[in-house]
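*Asks:* One structure follows; several queries about it will come next.
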Amino acid sequence: MRQYIIRRLLQAVPILFGITLLTFLIMQLAPGNPLQTMIDPTISMEEINMAEKKLGMDQPKIIQYFNWLREILTGNLGYSVKTGQPVAKLIGERLPATLLLTMSAFFISFIIGVPLGVYSATHKYSAGDYSMTFLAFLGISIPNFFFGLGLIYVFALKLGWLPTSGMATIGADLSGFNGVLVYARHLVMPAIVLALPNLATVMRFTRSSMIEVLLHDFIRTAKAKGLTHRRVIYKHALRNALIPVVTIFGLSIPFLFGGAYITEQVFNWPGMGSLGIQAITAREYPIVMGLNLFTSILVLMGNLIADISYAFVDPRIRYS
Amino acid sequence: MKKGHKQKSQSFYALAFRRFKKNKLALWGVFVLLSLIASAIFAPLIAPYDPYMSVRNDKGMLDILSPPSSAHFLGTDSVGRDVASRLIYAGRVSLSVGVVAVSISIVIGTVLGSLAGFFGRWVDSVIMRGVDVVICFPVLFLIITISTLLKPSIYTTMIVIGLVSWTNTARLVRGEILKVREFEFVESSRALGARNGRIIFRHILPNIMAPIVVQATLQTAQAILIEASLSFLGVGVQQPIPSWGNMLNEAMSLTILAFKPMIWFSPGIAIVITVLSINFIGDGLRDALDPKLGNN
Amino acid sequence: MREPVLEVKGLETVFKTEEGSVPAVNGLDFSLYEGETLGIVGESGCGKSVAALSIMGLIPSPPGRVAAGQIMYRGEDLLGFSEERMRRIRGNQISMIFQEPMTALNPVYTVGNQIEETFRQHRNMSKQEAFQKSVQMLELVGIPLPEQRAGEYPHQLSGGMRQRVMIAMALACRPDVLIADEPTTALDVTIQAQILNLMKDLKKQFGTTIMLITHDLGVVAETAANVIVMYAGEAVEYAGVEDLFNAPRHPYTEGLLGSIPKIDESCEMLTTIEGVVPSLMDMPEGCRFHPRCHYKKELCTQKAPPLVESGASRVKCFKYTDQWPHRNRRTISP
């Protein structure tokens, strides 16, 4: 078990290195020297000259890369071209909103997707299973911006039940329970939009995993013991069926962060995604690249957590 | 030996075709997709107006945001162009972006996956670590970033989607090659002194066609969705070229969203129907070509 | 006279296939008496496992279905029971162990947990009590360090250990009847003997009635008192174990015992046809064994033989009837 975790951690190191290298390579496409953006523009001209020397802007690209990497590792993601604010600080301000949105979508997709998948598997080829399958296909085929606009049109503009955009109403009382309610009302639609395709994937995956598990001998043993149908399904089958579903945890993370860029833009959700789209429109490459780097590292960490939880749910890995 | 193998694959495809024909959703998908392709090819004959021309009404004024009528059955957009005509022409854009982008990604993925699977060792390690790196990036934002850095256009969109979405194919091809390469016929041609390249293209690729076809189909659906997203955000296909994504961009204005639903609803539905039909076909192909992989 | 615990009458279990319904068990009759060990012998695909699953009410449906017959358990027909009532019987009054101890245990729960469940389901015990009982059961089936083993997962145990766990699980609620489906087939020879001895010991201790399904006559010789030989979904011979080995009646039994020259190659082929369904699709007319039978007469190809008494045995073969045209006809003793 410990070996397994250590091996996974060691495997992550070259990937981390690769992520920084790819980011640096993409930055070469941007106008100007990427190292320039690593210097705080508010300091004096002399200090800037010194910093340029220190960063080796006259050195070969490979040296530049390692100097840039050193800055990254010390937490310097560069500075905004227009305002001079540190990129790390800008991202940090937007991170909580994005985490709230992606985590909500994450939970929605598993809490709803898994039971629906189990239902489909245990009612294979029934009308319910077929409708579920159709809805799952719809879920992965509908562009999230279109679904988002549709929800806004119906629930915000026509019915007036939910706010059209943002994270909180300006001037609303955000203390205590009332605050939670305000946030929740704003969160509902973007979280559902972000969750839908992932939910569909989780559901289909749970279904096929469950169908496969139900054919195993130990299910027959469980029935022969006289266990109730519920115990056979929810204790014996589901627990085994969920082991491969954990791999979807890992796959969900880049998917949800990627989806957040569009969803946040549609709902004007003040997270990293809308920061990213604003930065794209304003040609703020330091912010754009900082976001790419930061989200990919988040994804790497998420994958690590998923791999390790895989070991926890499968005793065959845990005790080997 | 080669002959026997060929016969086997023929009956395999015949059987797959029979299984595919039983799948009603997949057949529906084929029907819809063929109609879409036809309407894209014959767009100039079908479209009632020039998709780039602003229409003027009787009084000689620009006919802006007119509601659906007998003349414009989906109305006109914010610069007075016929929505229905743009919708038909946009199909050309979406389908061609999908096909070109996926062709690029399948070629890259197949080449890299073959190299990794066939040569193993450090070649494999480097390529597969590369895959691990690329999949850590949220694909959509990576594509947005690169297409912005290179000037956004329909061609940039095609190329960048292709350049970034090869990872699944590479993994798949590598896995299949690892399986197939143990087969005796590869060994025997190696003994005869066939060069590696010949082994890959003559012997292994025909065997892994089925999973690649499935992968390509499902990825086309994905590529069309990504193109729509990019164009919606304004970093994909640029105005005045019509694309379903950039037509939806108009709905970012609350008044259009609230009061002119036809303008954004019709391209949205067009995307859903296209992507849905391709996904049905892909799923049908998967079930037909590899019955043990299927969900049913 | 002892009462039968379980009486199977005219059992017919069919499976639906694309080409129509196929009977996997076709008119099976037998009685299982209190405290006896009944061996059911036959090749794979002869319907013996299907018969066992029919008794347990575990025929996968669809495609399977018990089409006819009665399964009388202590005077009541199990086939008429509701699913809920049947569930209360399973693992409680009638339990079953399976061939593959490797796959028959759930890989993600400890073996202790899997035994506990039975107690908790049928005896309503607290978790702690059930745990203690489970450890006792593990001790009873001869697992060393039972308390520690209870906390381990199936993959941490050897094949023999796993089968002991299965037995512990099946006997947990002191069932009336234990159905053992090829309990030793997947095990090493030395382990096989250990498991059979364990089953014999436990039977003595609890007086459990055992229905032992196997293709291995050696296992039958060692454990069973009475034997049923099954062929192609039917019982072809009922005999005491001594009679079966000393004076086999049915030609098929003779073949199994190898007391006559081995059946020829093409017949060998027939015996190895895997799976129940396809081979049952086109059953030969008349006696189902006639294509492989050494004594075959025209009569055998025309109609199915009746079940007749021959000595203490009962056999489904024309050889033991008046219709048999042979001069050396065996006499039926009273």
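*Asks:* Taking R0 as 51 Å, what FRET efficiency do you get between residue A:99 and residue C:129 from their Cβ-Cβ distance, rounded to the nearest 0.05?
*Replies:* Computed FRET efficiency for residue A:99 and residue C:129 comes out at 0.65.
*Asks:* Please give the per residue accessible area of chain C, computed with a probe of 1.4 Å over protein heavy atoms only, in Å².
*Replies:* 45 Å²
*Asks:* Evaluate peptide C:152-165: per residue, the Cβ atoms of other protein chains within 10 Å of its Cβ; return the mean as an integer.
*Replies:* Per-residue shielding by partner chains comes out at 1.
*Asks:* Then there is this: So for the protein assembly as shown: antiparallel DSSP bridges make up what percent, rounded to the nearest 5?
*Replies:* Percent antiparallel among DSSP bridges in the protein assembly as shown is about 65.
*Asks:* Which value, in debye to the nearest 20, describes the size of the charge dipole of the range A:94-313 about its Cα centre when Lys and Arg Cβ atoms bear +1, Asp and Glu Cβ atoms bear -1, and nothing else is charged?
*Replies:* 780 debye
*Asks:* Given the Cα atoms of the range B:94-290, and with Rh set as the inverse mean 1/r over their pairs in the Kirkwood sense, what is Rg to Rh to two decimals?
*Replies:* 1.08
*Asks:* For the protein assembly as shown, what does the equivalent ellipsoid look like in terms of its semi-axes, each the square root of 5 times an eigenvalue of the Cα gyration tensor, given largest first in whole Å?
*Replies:* So the three semi-axes of the protein assembly as shown are 66, 33, 29 Å.
*Asks:* Averaging the inverse of every distinct alpha carbon separation and then flipping it gives the Kirkwood radius. What is it for the range A:70-166, in angstrom units?
*Replies:* For the range A:70-166, the Kirkwood estimate is 17.5 Å.
*Asks:* Can you spot the aspartates and glutamates whose alpha carbon is less than 18 Å from residue C:297's alpha carbon? Ignore those fewer than 8 places along the same chain.
*Replies:* Of all the aspartates and glutamates, those that pass the test against residue C:297 - Cα under 18 Å, at least 8 places apart if same chain - are C:254, C:264, C:285, C:322.
*Asks:* Given that compact globular proteins tend to follow 2.2 N^0.38 Å, what is the ratio of the alpha-carbon Rg of chain C to that value?
*Replies:* Relative to the rule-of-thumb radius for its length, chain C sits at 1.04.
*Asks:* Would you mind putting A:241-248, A:57-64 in packing order, based on average other-beta-carbon counts within 10 Å, highest first?
*Replies:* Top of the packing list down: A:241-248, A:57-64.
*Asks:* How large is the accessible surface per residue of the range B:74-118, computed with a 1.4 Å probe and reported in Å² as a whole number?
*Replies:* Per residue, the range B:74-118 has 25 Å² of solvent-accessible surface.
*Asks:* Provide the per-residue ³J(HN,Hα) series for the range C:124-132, in order, calculated from phi with Karplus coefficients 6.51, -1.76, 1.60 and θ = phi - 60°, each as a whole number of Hz, with x at glycine and proline positions.
*Replies:* Taking θ as phi minus 60°, the curve returns 6, 7, 6, 4, 5, 4, 4, 4, 4 Hz for the range C:124-132.
*Asks:* Structure shown: which of B:24/C:16; C:9/C:48; A:82/B:151; A:124/B:21; A:225/C:204 lie over 18 Å apart, alpha-carbon to alpha-carbon?
*Replies:* From B:24/C:16; C:9/C:48; A:82/B:151; A:124/B:21; A:225/C:204, over 18 Å: B:24/C:16; A:82/B:151; A:124/B:21; A:225/C:204.
*Asks:* Next question. Give the long-range amide H neighbours of residue C:17: residues separated by 5 or more places, or on another chain, with amide H under 5 Å away, using H modelled in the peptide plane at 1.01 Å from N.
*Replies:* Distant-sequence amide H within range of residue C:17: C:22.
*Asks:* Among the aspartates and glutamates, which fall within straight-line cross-link reach of residue A:223, defined as a Cα-Cα distance under 13 Å, with same-chain neighbours fewer than 8 residues apart omitted?
*Replies:* C:83, C:84, C:117
*Asks:* Here's a follow-up. How many nm separate the modelled label positions at residue A:112 and residue A:47, each set 7 Å beyond the Cα in the direction of the Cβ?
*Replies:* About 5.1 nm separates the two model spin labels.
*Asks:* Please report the antiparallel percentage of DSSP beta bridges with both residues in chain C, rounded to the nearest 5.
*Replies:* Beta bridges within chain C, antiparallel portion: roughly 65 percent.
*Asks:* How much of the pair distance distribution for the range A:2-74 lies past 20 Å, counting alpha-carbon pairs only, in percent?
*Replies:* 41 percent
*Asks:* Now for a different question. With a Cα-only, solvent-free Debye model of the range B:129-184, what are the log10 I(q)/I(0) values at q = 0.16, 0.20, 0.30 Å⁻¹?
*Replies:* Taken in order of the listed q values, log10 I(q)/I(0) reads -0.57, -0.75, -1.13.
*Asks:* On a straight-distance basis, which aspartates and glutamates could pair with residue A:53 in a cross-link, Cα separation under 15 angstrom, same-chain partners fewer than 8 positions away excluded?
*Replies:* Straight-line reach from residue A:53, under 15 Å: A:40, A:71.
*Asks:* Placing +1 at every Lys and Arg Cβ and -1 at every Asp and Glu Cβ, with all other atoms neutral, what dipole size does the protein assembly as shown have around its Cα centre, in debye to the nearest 20?
*Replies:* 780 debye
*Asks:* How big is the B-A contact in terms of buried accessible area, both chains counted, 1.4 Å probe, rounded to the nearest 100 Å²?
*Replies:* 4200 Å²
*Asks:* Also, I was wondering about something else. Can you tell me the equivalent ellipsoid semi-axes for chain A? Use √(5λ) from the Cα gyration tensor, largest first, whole Å.
*Replies:* Working from the Cα gyration tensor, I get semi-axes of 43, 28, 15 Å.
*Asks:* Still on this structure, please answer the following. Quick one: accessible area per residue over the range A:38-101, 1.4 Å probe, rounded to a whole number of Å²?
*Replies:* Dividing the accessible area of the range A:38-101 by its residue count gives 58 Å².
*Asks:* Averaged over B:268-279, how many beta carbons belonging to a partner chain fall within 10 Å of each residue's beta carbon?
*Replies:* Per residue, the average neighbour count from other chains is 4.
*Asks:* With everything on Cα atoms, drop me the angle between helix C:159-171 and the longest principal axis of chain C, reported from 0 to 90° to the nearest 10.
*Replies:* It is inclined by approximately 90 degrees.
*Asks:* For the protein assembly as shown, with all protein chains present and a 1.4 Å probe, just round the carbon and sulfur fraction of the accessible area to a whole percent.
*Replies:* 61 percent
*Asks:* Between residue C:323 and residue A:134, with labels modelled 7 Å along Cα→Cβ, what's the label distance in nm to one decimal, could you check?
*Replies:* 5.8 nm
*Asks:* Between the helical axis of A:87-122 and the dominant principal axis of chain A, each derived from Cα atoms, what acute angle in degrees is found, rounded to the nearest 10?
*Replies:* With rounding to tens, the tilt is 10 degrees.
*Asks:* Continuing with this model, one more query. Size of the dipole of chain C about the Cα centre, Lys and Arg at +1 and Asp and Glu at -1 on the beta carbon, nothing else charged, in debye to 20?
*Replies:* 540 debye
*Asks:* Moving on. Using a 10 Å cut-off around each Cβ of peptide A:213-223, what is the average number of partner chain Cβ atoms that fall inside?
*Replies:* Other-chain Cβ atoms within 10 Å of each residue's Cβ, averaged: 6.
*Asks:* Using modelled backbone amide H atoms (1.01 Å from N, in-plane), which distant-in-sequence or interchain residues come within less than 5 Å of residue C:96's amide H?
*Replies:* Under 5 Å from the amide H of residue C:96: C:91, C:179.
*Asks:* Just grab the label-to-label distance for residue A:13 and residue C:155, each label 7 Å out from Cα along the Cβ direction, in nm (one decimal).
*Replies:* Label-label distance for residue A:13 and residue C:155, simple model: 2.7 nm.
*Asks:* Out of residues 5 or more away from residue C:234 or on other chains, whose amide H comes under 5 Å of its own, with H placed 1.01 Å from N in the peptide plane?
*Replies:* Long-range HN contacts for residue C:234: C:26.
The values are calculated or read from the model by the stated rules, or taken from the named source; none is laboratory data. Every value quoted in this text rests on a predicted model; they were computed, and no experiment measured them. Please note: Cβ atoms are built from the backbone with ideal geometry, for glycine as well, and neighbour counts cover all protein chains shown. Side chains are part of the model used for accessible areas, which takes the heavy atoms of the whole protein and leaves out ligands, DNA and RNA. Shrake-Rupley method; radii C 1.70, N 1.55, O 1.52, S 1.80 Å.
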